[in-house]
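Peer 1: Structure incoming, see below.
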Amino acid sequence: KSVKKGFEFTLMVAGESGLGKSTLINSLFLTDLYPDRVIPSAADRINRTVQVDSSTVEIEERGVKLRLTVVDTPGYGDAINNTDSFQQIIRYIDDQFERYLKDESGLNRKNIVDNRVHCCFYFISPYGHGLKPLDIDFMKQLSNKVSIVPVIAKSDCLTSKEIKNLKTRILDEISENGIKIYNLPDCDSDEDEDYKMQVNQLRASIPFAVIGANAMVEVAGKKVRGRQYPWGVVDVENPDHCDFIKLRTMLITHMQDLQEVTHDVHYENFRSQRLSKGPGAPKVVEKDSTDKLLAEKDQELKRMQEMLAKMQEQMKQQSTSNLSNY
């Protein structure tokens, strides 16, 4: 039934501009999700706020339909002051949880459209010596709301030894800062040996060092998707060149698990917190709004007290007049 109905999957991509996020997503799904994108100038980026853009595309392979939504975050990490630059992203994730909770509580529960974010590819710059403070802050804040998969972008600018050292450094920093990233589930004992080996290889490749390319390049009479350099060609689908195939394999083979983790862990955490506040869960309000609400409450209380005093006076007068009649 699920195969016939098709699958819904929402993938978020986050990271600084210029790390090849759009190119990699187009390479992964062999589509052009951003045909009309305009690259902002340096002047426009100074005070630029983070946006959240979503693009949906329907992919069909071997009779199985996939409704893929890619959520991009242009402007993230671009401004001079990036404090709280991920608040807009957190708000978007919570809004999707809130919408799903309302739909789940409604009458038409069979046809709920699942727009919850199931996975986040977080792009790490290859030019530094590990994670930046912004990377650590972002992943810390979002690790309890979405499954994060760290990705080293543009890895063709690093040697094999540099990639290995950078991966070790990133994993150490993730562990030191208590960041929770997506862990591939353990294989069952009755699983195929080839599948077990594949999962172990994928687990050992995290964070995935990737290269994106949408152009076809000819190598020895064969056309491959890659990048042409003066010294040779980088084939993005060659596992010796980068982890592109491993990243795609991880996403395809563990798509169901990512959805289950989102529903059973992240959404349940949000749901329990939301319901514990009650149906009229108070929202965060500004100080001025609070003062205004308190003043209104005081006026309401004063009016009720006056009405009560008036009713008591009327009852007293009525009882006096009744006694005088006797």
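Peer 1: Which condition number in (1) buried (at least 18 other Cβ atoms within 10 Å of the Cβ); (2) over 27 Å from S155 (Cβ atoms); (3) modelled with pLDDT under 75 is the one that G6 fails?
Peer 2: If we test G6 against (1) buried (at least 18 other Cβ atoms within 10 Å of the Cβ); (2) over 27 Å from S155 (Cβ atoms); (3) modelled with pLDDT under 75, just (1) comes out false.
Peer 1: Before we move on, is I174 in contact with a Ser or Thr (Cβ under 7 Å, 6 or more places away or on another chain) and surrounded by 14 or more Cβ atoms within 10 Å (Cβ to Cβ)?
Peer 2: Numbers: in contact with a Ser or Thr (Cβ under 7 Å, 6 or more places away or on another chain): no; surrounded by 14 or more Cβ atoms within 10 Å (Cβ to Cβ): yes.
No; evaluated as a whole, the condition is false for this residue.
Peer 1: Could you check, for the stretch 189-200, whether at least one of its residues is closer than 26 Å to L131 by Cβ, open to solvent by less than 60 Å² (accessible area, probe 1.4 Å), assigned to a loop (DSSP other than H, G, I, E, B) and of a type outside the set (K, R)?
Peer 2: No: the stretch 189-200 contains no residue that is closer than 26 Å to L131 by Cβ, open to solvent by less than 60 Å² (accessible area, probe 1.4 Å), assigned to a loop (DSSP other than H, G, I, E, B) and of a type outside the set (K, R).
Peer 1: When residues of the stretch 141-170 are filtered for being crowded, with 16+ Cβ neighbours inside 10 Å, outside any strand (DSSP E or B) and under 21 Å from the mean Cα position of the chain (by Cα), how many remain? Outline the logic, then answer.
Peer 2: Going through the stretch 141-170, the residues crowded, with 16+ Cβ neighbours inside 10 Å turn out to be 142-143, 145-156, 158, 163, 166-167, 170.
Filter once more, keeping what is outside any strand (DSSP E or B): 142-143, 145-147, 153-156, 158, 163, 166-167, 170.
Of the ones still in play, those that are also under 21 Å from the mean Cα position of the chain (by Cα) are 142-143, 145-147, 153, 170.
Within the stretch 141-170, residues that are crowded, with 16+ Cβ neighbours inside 10 Å, outside any strand (DSSP E or B) and under 21 Å from the mean Cα position of the chain (by Cα) number 7.
Peer 1: If R227 satisfies all but one of (1) in a helix (DSSP H, G or I); (2) charged (D, E, K, R); (3) within 28 Å of T69 (Cα to Cα), what's the number of the condition it fails?
Peer 2: Going through the list (1) in a helix (DSSP H, G or I); (2) charged (D, E, K, R); (3) within 28 Å of T69 (Cα to Cα), R227 breaks only (1).
Peer 1: Let me ask something else. When you scan the stretch 29-36, do you find a residue that is among the aliphatic types (A, V, I, L, M) and at pLDDT below 65, even just one? Walk me through it before giving the result.
Peer 2: Within the stretch 29-36, the subset among the aliphatic types (A, V, I, L, M) is 30, 33.
Those left that are additionally at pLDDT below 65: 33.
Within the stretch 29-36, one or more residues are among the aliphatic types (A, V, I, L, M) and at pLDDT below 65.
Peer 1: OK, next. In the stretch 242-252, what residues are modelled with pLDDT of 85 or more and either part of a helix (DSSP H, G or I) or over 13 Å from P207 (Cβ atoms) (or both)?
Peer 2: F244, I245, K246, L247, R248, T249, M250, L251
Peer 1: Pick from the stretch 255-293 the residues that are part of a helix (DSSP H, G or I) and open to solvent by 100 Å² or more (accessible area, probe 1.4 Å): which of them is modelled with the lowest pLDDT? Steps first, answer last, please.
Peer 2: First, the residues of the stretch 255-293 that are part of a helix (DSSP H, G or I): 255-276, 287-293.
Within this subset, residues satisfying the condition of being open to solvent by 100 Å² or more (accessible area, probe 1.4 Å) are 273, 287-288, 292.
Details: Q273: 85, K287: 44, D288: 51, K292: 62.
So, considering only residues that are part of a helix (DSSP H, G or I) and open to solvent by 100 Å² or more (accessible area, probe 1.4 Å), the one modelled with the lowest pLDDT is K287.
Peer 1: While we're looking at this one, here's another question. Any chance the stretch 98-118 includes a residue that's at pLDDT 85 or above, open to solvent by less than 30 Å² (accessible area, probe 1.4 Å), in a helix (DSSP H, G or I) and not aliphatic (A, V, I, L, M)?
Peer 2: For the stretch 98-118, residues at pLDDT 85 or above, open to solvent by less than 30 Å² (accessible area, probe 1.4 Å), in a helix (DSSP H, G or I) and not aliphatic (A, V, I, L, M): absent.
The values are calculated or read from the model by the stated rules, or taken from the named source; none is laboratory data. Computed from a predicted structure; not experimentally measured. Every residue, glycine as well, gets a Cβ built from its backbone with ideal geometry; the counts of neighbours run over all protein chains shown. The accessibility values were calculated without ligands, DNA or RNA, using every heavy atom of the protein model including side chains. Shrake-Rupley method; radii C 1.70, N 1.55, O 1.52, S 1.80 Å.
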